[in-house]
1. Please find, among GLY180, GLY246, GLY235, the residue that is more than 14 Å from the ligand (Cβ to nearest atom), over 20 Å from VAL30 (Cβ atoms) and under 15 Å from the mean Cα position of the chain (by Cα).
2. Just checking, how many residues over region 250-264 are in contact with a helix residue (DSSP H, G or I) (Cβ under 7 Å, 6 or more places away or on another chain), closer than 19 Å to ARG22 by Cβ and surrounded by fewer than 21 Cβ atoms within 10 Å (Cβ to Cβ)?
3. Any idea which of (1) surrounded by fewer than 19 Cβ atoms within 10 Å (Cβ to Cβ); (2) part of a loop (DSSP other than H, G, I, E, B); (3) touching a helix residue (DSSP H, G or I) at 6+ places or on another chain (Cβ under 7 Å) is the one GLN4 doesn't satisfy?
4. Among the charged types (D, E, K, R) and modelled with pLDDT of 95 or more - does that describe any residue in region 226-240?
5. Could you check how many residues of region 169-195 are under 26 Å from THR82 (Cα atoms) and surrounded by 22 or more Cβ atoms within 10 Å (Cβ to Cβ)?
6. So which of ARG342, ARG310, ARG355, ARG337 is in a helix (DSSP H, G or I), within 16 Å of the ligand (Cβ to nearest atom) and assigned by TED's automatic domain parsing to the domain that holds ALA259?
7. Scan region 128-135 and give yes if some residue there is within 16 Å of the ligand (Cβ to nearest atom), assigned to a loop (DSSP other than H, G, I, E, B), assigned by TED's automatic domain parsing to the domain that holds SER187 and over 23 Å from ARG203 (Cα atoms), otherwise no.
8. Quick one: GLN128 ticks every box in (1) modelled with pLDDT under 95; (2) within 18 Å of the chain's Cα centre (by Cα); (3) of a type outside the set (Lys, Arg) except a single one, so which number is it?
Amino acid sequence: MQFQEATTLEEKLNVMKIMSERFFARAAKVDVEASFPFENIEELKASGYTQLTLPKEFGGEEITLYELVRLQEQIAIGDGATALSIGWHMGILKNLAEKRIWSEEVYKRIVEDVKKGALLNGAASEPQTGSPTRGGKPTTTATKTGKGWVLNGRKTFTTMSPVLDYFIVSASVIDSDVVGNFLVRRSLPGVEIEETWDSIAMRGTGSHDLVLKDVVVESEDFVERFVPGKKSANGWMLHIPACYLGIAQAAQKYAIAFAKSYSPNSISGTISDIPTVQQRIGEMELTILEAKHFLYSVAKQWDSSTEEERLRLNAELGAVKHSVTNKAFHVVDLAMRVVGARSLSQQNPLQRYYRDVRAGLHNPPMDDMTIQILAKKAIASN
Ligand SMILES: Cc1cc2nc3c(=O)[nH]c(=O)nc-3n(C[C@H](O)[C@H](O)[C@H](O)COP(=O)(O)OP(=O)(O)OC[C@H]3O[C@@H](n4cnc5c(N)ncnc54)[C@H](O)[C@@H]3O)c2cc1C
């Protein structure tokens, strides 16, 4: 079954579950080789998934944020790197559908390309500016020419770079205070990928450097202006905690299967009968339940809010990311304690989850910024 035939969320989740099991089967090899899950991305495209956040008026399904996080979570149960990779594309398209920040002409062109399988992601991070959420001005430059703009610079952490068709590149307009996003087609002269991704976490995301050398883009491809560090509330970023929650559930599943089958000769039965093991399994379940309820309720709140109400959800969105990601971290730790030293074996998926879940700390928004926002909100309202 493809996504076009899956009308309910349950049906869509079933389609994703089948794919996600295949992603799991491929994950260890991609991780060891630090390669890229090309097959997974191709399957997601062929299934129709990569079009699900396009608006109905352009032939898409316009799935809700709640549906998106559920589906992303299911991908991550199979493979976190695939989930984080495709999550950027899905989320960015959802954001564009909701906010219509680009000109109608450019947006329609992208929608048509996405229907043919095109993939996009933002290239915002840089060696000198670090996380763009901190408010640093991009060192990548845009210079006005007769034809349009000339871009020069280097972006780090460009997830999914092996297969992206478009990069949304942040740059500073030379000799001005203007900062904005430029839509850059992969095939343009001067666009290069340097394979720098050597992270121990999320090794299969292909988050290499994007290097731009005198890349000429059309005037209309200057798609958006913004003030660094001052982006509005972004519901779509909940694909990030959804990813880490999926990894946590994969760890829980593995630990429980292990506990139900491991029977050392010091006991009769399996270790799942032992109170200390049950304590950890119970704690994992409690933590996952808390994470799910928080994530789902804020996603649903976003879906049912007006544009104006959504602006006020910024603190909650950050809180969800903080809480769910750290909870996912805790669940993976508990799962490893249930399994014991075998969890550290290279053959064991738990060691991959342990490394992958750690990447969540360095996806936006950063924990310290969220706590600051929550503190200011609490002080202002009490
Ligand atoms: C798996 C993965 C995928 C990613 N995918 C993408 C992507 O597709 N596109 C993209 O653009 N980016 C992506 N990123 C990059 C990400 O959004 C961050 O830009 C990147 O992780 C760097 O963040 P940082 O906090 O380590 O860096 P920095 O901002 O350099 O911070 C390093 C440390 O310095 C401190 N610090 C720095 N500045 C400040 C400040 N102003 N105030 C307080 N403390 C500060 C903090 O303690 C921080 O821990 C990805 C990252 C990861 C891990």
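The values are calculated or read from the model by the stated rules, or taken from the named source; none is laboratory data. Everything numeric here is computed off the predicted structure, so don't read it as measured data. Positions of Cβ are generated from backbone atoms using ideal geometry, with glycine treated the same way; all protein chains shown enter the neighbour counts.
1. GLY235 is the lone residue from the list that is more than 14 Å from the ligand (Cβ to nearest atom), over 20 Å from VAL30 (Cβ atoms) and under 15 Å from the mean Cα position of the chain (by Cα).
2. 1
3. Every condition holds for GLN4 apart from (3).
4. no
5. Of the residues in that region, 5 qualify.
6. Within the list ARG342, ARG310, ARG355, ARG337, the selection yields ARG355.
7. There is at least one residue in region 128-135 that is within 16 Å of the ligand (Cβ to nearest atom), assigned to a loop (DSSP other than H, G, I, E, B), assigned by TED's automatic domain parsing to the domain that holds SER187 and over 23 Å from ARG203 (Cα atoms).
8. Of everything listed in (1) modelled with pLDDT under 95; (2) within 18 Å of the chain's Cα centre (by Cα); (3) of a type outside the set (Lys, Arg), GLN128 misses just condition (2).
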